[in-house]
1. Are there any pairs with C-beta distances below 6 angstrom linking a residue in the stretch 10-34 that is aliphatic (A, V, I, L, M) and part of a loop (DSSP other than H, G, I, E, B) to a residue that is modelled with pLDDT of 80 or more and surrounded by fewer than 18 Cβ atoms within 10 Å (Cβ to Cβ), with the two at least 6 apart or on different chains, and if so which?
2. ILE30 passes all but one of (1) modelled with pLDDT of 80 or more; (2) over 17 Å from THR79 (Cβ atoms); (3) loosely packed, with under 15 Cβ neighbours inside 10 Å; which number fails?
3. Do we find that ALA55 is aliphatic (A, V, I, L, M), out of contact with any strand residue (DSSP E or B) (no Cβ under 9 Å at 6 or more places or on another chain), under 16 Å from ILE9 (Cβ atoms) and modelled with pLDDT under 80 in this structure?
4. Would you mention how many residues in the stretch 1-27 are more than 12 Å from ILE69 (Cβ to Cβ) and modelled with pLDDT under 80?
Amino acid sequence: MGIIGTIFIGLIVGLLARFLKPGDDSMGWIMTILLGIGGSLAATYGGQALGIYQAGQGAGFIGAVIGAIVLLVIWGLVTKKS
């Protein structure tokens, strides 16, 4: 997949993660895309390394969304203002 496809999938995954996680997540489009790409990479390689699913399976997309939600929670904890 090319870079444009990766950015597009990252955007979709990031938007889904922001939609599914409750709370106010004020970040721009670039951070949403980076969040989605990061979640995709973490979940894809983590799931394949653990043998949960193979490359190209639908579970990879679900894992990418879950990975992006985890990154979103971590991002919220790191940027939390007192």
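The values are calculated or read from the model by the stated rules, or taken from the named source; none is laboratory data. Please read these numbers as outputs of a predicted model, since none were measured by experiment. Counting neighbours? That spans all protein chains shown, and the Cβs are built from the backbone with ideal geometry, glycine included.
1. Listed pairs, sorted by first residue: none to list.
2. (2)
3. Judged against the criteria, ALA55 is a match.
4. 13
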